[in-house]
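Read-outs: derived from the displayed coordinates by stated rules, not from any lab. Model, not experiment: these values are computed from the prediction. Quick reminder, even Gly has a Cβ in these numbers, built from the backbone with ideal geometry, and neighbours come from all protein chains shown.
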């Protein structure tokens, strides 16, 4: 790789990281929204359980009823959390790629300096 290719790769890496951060930020907000919806629906379901269930249901029966009533929003919240985690991993991977490029650029620079070194510079 020459200097132009390194520069292009570094700029592309930076652009990719910026895009990954934007995606990660969006996923964080989606996760928070989905979690909020799931918590609210679960709370509403607990309140509805008292009105809907007859007799004196056990705690486990109430929990089971609430889980059945809110399974869709709970699943959506878990999926949003997974997407957020995945987006965070993508940011980390792109940061590692950019770091590797920077290390390679530094090594190339050091090699170039060594190549132009002359023994007369020691004295």
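A few notes on this one:
- For P(r) over Cα pairs in 5 Å bins from 0, in percent, calculated from these coordinates, the label among [x] 2, 10, 18, 24, 21, 14, 6, 2, 1, 1, 0; [y] 2, 12, 22, 25, 20, 13, 5, 1, 0; [z] 2, 10, 12, 11, 9, 8, 8, 7, 6, 6, 5, 4, 4, 3, 2, 2, 1, 1, 0, 0: [z]
- Using alpha-carbon coordinates, inclination of helix 71-115 to the longest axis of the chain, degrees: 10
- Value of relative contact order over the chain, rounded to a whole percent, pairs C-alpha under 8 Å and six or more apart: 43
- Likely footprinting exposure, 14, 84, fewest C-beta neighbours within 10 Å first: 14, 84
- Max mean-square fluctuation residue, GNM over the chain, Cα-Cα springs under 10 Å, options 17, 72, 37: 72
- Full-stretch length increase - residue 43, residue 19 - with 0.36 nm per residue and alpha-carbon distance subtracted: 5.0 nm
- Calculated FRET value between residue 96 and residue 3, using beta carbons and R₀ = 25 Å, to 0.05: 0.65
- Computed from Cα positions, the angle between helix 3-52 and the longest principal axis of the chain comes to roughly 10 degrees.
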